[in-house]
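The values are calculated or read from the model by the stated rules, or taken from the named source; none is laboratory data. Because the structure is a prediction, the values reported are computed rather than measured. Glycine also receives a Cβ, built like all others from the backbone with ideal geometry; neighbour counts cover every protein chain displayed.
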Amino acid sequence: MLEIDGSVLEGGGQILRIAMALSCLCRIPIKVIKIRAGRSKPGLAAQHVQSIELCRSLCKARVMGAHIGSTEVEFHPQSIIGGRHSADTKTAGSIALLVQAALPVALFSSSPVELSLRGGTNADMAPQIDYITEVVRPNFEKFGATFEYELLRRGYFPKGGGHCVFSLRPIEKLKPVVNVDVGQVVKAYGWSFVAGSLPLRLAEQMAEGARRAMAKISLEVEEYKESASMAPDNCSGVILCCQTSTGCLLGGSALGNRKEEPAETGRKAAREIKDALNLGVCVDEHMQDQIIILMALADGESRVRTGPITLHTRTAIHVVELMTKATFTLIPEGETTIIVCQGIGLKNSHSLI
C-alpha cells in the first residue's frame with residue numbers, strides 16, 4: 001500500500017482527489033494521512049467524503065476512514081465500472097470539485113458512465129460549474145475525451161441544492177497535446193447572471209465592468225436572470241471565455257458579493273483572461289493544474305505553455321509522480337513556463353465495442 005502525506009504543498013482536498021483518481025486508474029491501494037492537517041478545520045469535509053464515495057462507486061473500492069473529520073483514509077480499488085453513479089454533498093460543497101475527481105476515472109470505465117451530482121454549482125473557493133463546461137471540456141477534448149452535461153438546478157452558498165448530470169463514453173487512451181502558441185484572439189464572450197431576488201441591473205453592471213476592462217477586445221456578454229425554478233436563491237456572477245486562432249480556450253470568472261461593486265466583479269473576471277493573454281499562455285491559471293493528470297495519462301509527450309507555476313500545479317505534479325511513472329519537466333521561457341510531460345499511455349483494460 002502506498003502512503004501519501006495529505007499535508008504537503010497545497011495540503012488541501014486536491015491531494016485527496018488526485019490520489020483517489022489515480023488509485024482507481026492504476027489499481028494502487030493507498031493510505032492518505034494528515035488530510036488537510038494545516039487547515040482551520042483539519043480532516044475531511046462533506047465534499048471530500050463524497051469525492052471518495054464517488055470514486056469508491058466507480059471502482060468498487062474497499063474504503064476505511066471516509067467520514068467527516070477523518071484525517072486518514074485507506075482506499076483499495078478494483079475494476080472501474082460504468083453505469084449510473086451519484087454523490088450529494090447535502091451542502092453547497094462544490095459539484096465542480098466532485099467532477100475533478102471522477103471524470104478521469106470515468107473515461108476508463110467498462111461502459112458509458114452517468115454521474116448524478118448534487119451540491120453547489122457556483123461557489124467561492126472552487127470553479128463555477130460553467131467553467132467546467134465552457135473551459136475544462138474544450139481542454140479535455142484536446143486530449144481526445146469529452147462529456148455531455150445537463151444542468152437541472154443551480155445551487156448557491158449556503159443552501160446548495162444544485163443538481164447536474166454528466167455523461168461520458170469510455171475511451172481507449174488519451175492522446176498527448178502540444179499547446180505552446182496562444183495565437184490571436186478570435187472570439188471573446190460570456191455570461192453575467194443574477195438569481196433570486198437580485199435585480200437584473202447587477203448583471204448589466206458586471207457585464208459593463210468586464211467590457212471596459214477588455215476594451216481592446218470585442219467582448220459579447222449575455223446578461224440574464226435565472227428563473228426561480230432553476231435558481232431560487234440569491235447569487236450573482238460572471239463567466240468569460242476567450243478563443244484564439246490556435247485553439248486555446250482561456251477562462252475568467254468571479255462571483256458577486258455585497259462588499260464589492262458589480263463592475264469590479266466583472267473587471268476581476270476580465271483580468272484573469274487579460275493576464276493570460278498578456279503573458280501569452282495557452283491555459284489560464286485555473287486550468288493549469290487540471291491538465292496535469294491528463295498529461296500524465298496520455299500516450300506520449302505533452303507540452304503546454306502556462307504562466308508561473310501555481311502551488312496547486314506543483315501539488316498535482318508531486319502526487320502524479322509519486323503514483324505513476326509519468327515525468328514532468330518545467331522549462332522557464334521569460335514570464336511563461338512550458339510544462340513537458342512524458343505520459344504513461346494508460347490503456348483502458350476493458351474491451352470497448
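Is it the case that some residue within segment 243-250 is surrounded by fewer than 23 Cβ atoms within 10 Å (Cβ to Cβ), over 19 Å from the mean Cα position of the chain (by Cα), in the same structural domain as Glu333 (by TED's automatic domain parsing) and on the phi < 0 side of the Ramachandran plot?
No, segment 243-250 has no match at all.
What tally of residues in segment 117-132 results from selecting those that are touching a Leu at 6+ places or on another chain (Cβ under 8 Å) and outside any loop (DSSP other than H, G, I, E, B)?
4
Return the only residue of Val113, Val73 being over 25 Å from Ser351 (Cβ atoms), in contact with a strand residue (DSSP E or B) (Cβ under 9 Å, 6 or more places away or on another chain) and crowded, with 24+ Cβ neighbours inside 10 Å.
Val73
Could you please let me know if Ala254 is outside any strand (DSSP E or B) and of a type in the set (Gly, Ala, Ser)?
When the stated conditions are applied, Ala254 does not pass them.
With crowded, with 23+ Cβ neighbours inside 10 Å, touching a helix residue (DSSP H, G or I) at 6+ places or on another chain (Cβ under 9 Å) and farther than 22 Å from Pro176 by Cβ as the only criterion, which of Pro104, Pro127 stands out?
Pro127
So which residues in segment 131-152 are farther than 16 Å from Val113 by Cβ and among the basic types (Lys, Arg)?
Hit for segment 131-152 is Lys142, nothing else.
Which fully enclosed helices (runs of 4 or more DSSP H) of segment 1-116 have 2 or more residues being closer than 21 Å to Gln288 by Cα?
Once the helices (runs of 4 or more DSSP H) in segment 1-116 are filtered for at least 2 residues that are closer than 21 Å to Gln288 by Cα, what remains is 13-26, 95-106.
Okay, residues lined up against (1) surrounded by 21 or more Cβ atoms within 10 Å (Cβ to Cβ); (2) among the small types (Gly, Ala, Ser); (3) at pLDDT 95 or above:
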residue	(1), (2), (3)
Ala19	yes, yes, yes
Arg27	no, no, yes
Lys31	no, no, yes
Ile35	yes, no, yes
Gly38	no, yes, no
Lys41	no, no, no
Glu53	no, no, yes
Ser57	no, yes, yes
Gly65	no, yes, yes
